[in-house]
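Below is one structure, written out as structure tokens, with a few remarks after it.
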Amino acid sequence: MSDDHTHVQEFFSARAAEWDRRFPDDGPAYAAAVAELGLREGDRVLDAGCGTGRALTPLRAAVGPTGVVVGADLTPAMLEAAVGAGRDRDGWLLLADVTALPLRSRSLDAVFGAGLISHLPEPAENLRELARVVRPGGVLALFHPIGRAALAARQGRQITPEDLRAEANLRPLLAGSGWHMTSYTDEAARFLALAVREG
């Protein structure tokens, strides 16, 4: 396991038990972002870096009882919190590194990634791995329940030109990783970039 992975696990392990209490009002933003994926009954979707599983319930509602919902996360404590919240009833929980997924190529219709991109150790390579498991024409949503400026203010920092979530950086990053960005929203209430799997 790389130092990046160890750092991510340590960071989220220390916060897992309190995570949902720290962000109690994010549910509607998650539901709205999931709605923009355009999922259909029976679709197969991955919540990459699912954390405590806050997207699993709206994802399950979108794909219905015949769909497949998988939540993958690197941090056991986050998955334990998801189980404690009962979200394992809405999807399979998988202790896995989203940079090397134990899933078949082209086996999914969509990937949802909340707060994911800033934790990817090799963003271009890791986004290619997400593209690998999605069928051509499938969709990727990179989401955060608040926009870049609001998140930076919350963390006491400034947005830098190198920010991966800036449209000028994210569009070519996705394009070089097998994705075509179709929409980009960065406002106070949310960040959402949608992309379609090419090829």
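Quick notes
- When the stretch 171-187 is limited to residues that are touching a Leu at 6+ places or on another chain (Cβ under 6 Å) and hydroxyl-bearing (S, T, Y), the one that is most open to solvent (accessible area, probe 1.4 Å) turns out to be T182.
- Count of residues meeting criterion [modelled with pLDDT of 95 or more and either open to solvent by less than 30 Å² (accessible area, probe 1.4 Å) or polar (S, T, N, Q) (or both)] in the stretch 9-38: 3
- Total residues in the stretch 150-170, condition surrounded by 12 or more Cβ atoms within 10 Å (Cβ to Cβ) and in a loop (DSSP other than H, G, I, E, B): 5
- Conditions (1) open to solvent by less than 40 Å² (accessible area, probe 1.4 Å); (2) at pLDDT 80 or above; (3) under 21 Å from L101 (Cβ atoms); (4) not charged (D, E, K, R): number failed by V68: (1)
- Single unsatisfied condition, W92 versus (1) buried (at least 16 other Cβ atoms within 10 Å of the Cβ); (2) aromatic (F, W, Y); (3) under 22 Å from R44 (Cα atoms): (1)
- Considering the stretch 41-64, the residues that are open to solvent by 30 Å² or more (accessible area, probe 1.4 Å) and either within 12 Å of the chain's Cα centre (by Cα) or touching a residue at least 60 places away in the same chain (Cβ under 8 Å) (or both) include one that is farthest from V139 (Cα to Cα), namely R54.
- Within the stretch 183-199, the residues that satisfy the criterion of being over 17 Å from the mean Cα position of the chain (by Cα) and not small (G, A, S) are E187, E198.
- Candidate set: the stretch 188-199, residues that are part of a strand (DSSP E or B) and modelled with pLDDT of 95 or more; chosen: the one surrounded by the fewest Cβ atoms within 10 Å (Cβ to Cβ): V196
The values are calculated or read from the model by the stated rules, or taken from the named source; none is laboratory data. All of these numbers come straight from a predicted model, not from anything done at the bench. Here the Cβ is made from the backbone with ideal geometry for all residues, glycine too, and neighbour counts use every protein chain on show. When the accessible area is computed, the model is the full protein with side chains, heavy atoms only, and any ligands, DNA or RNA have been set aside. Shrake-Rupley method; radii C 1.70, N 1.55, O 1.52, S 1.80 Å.
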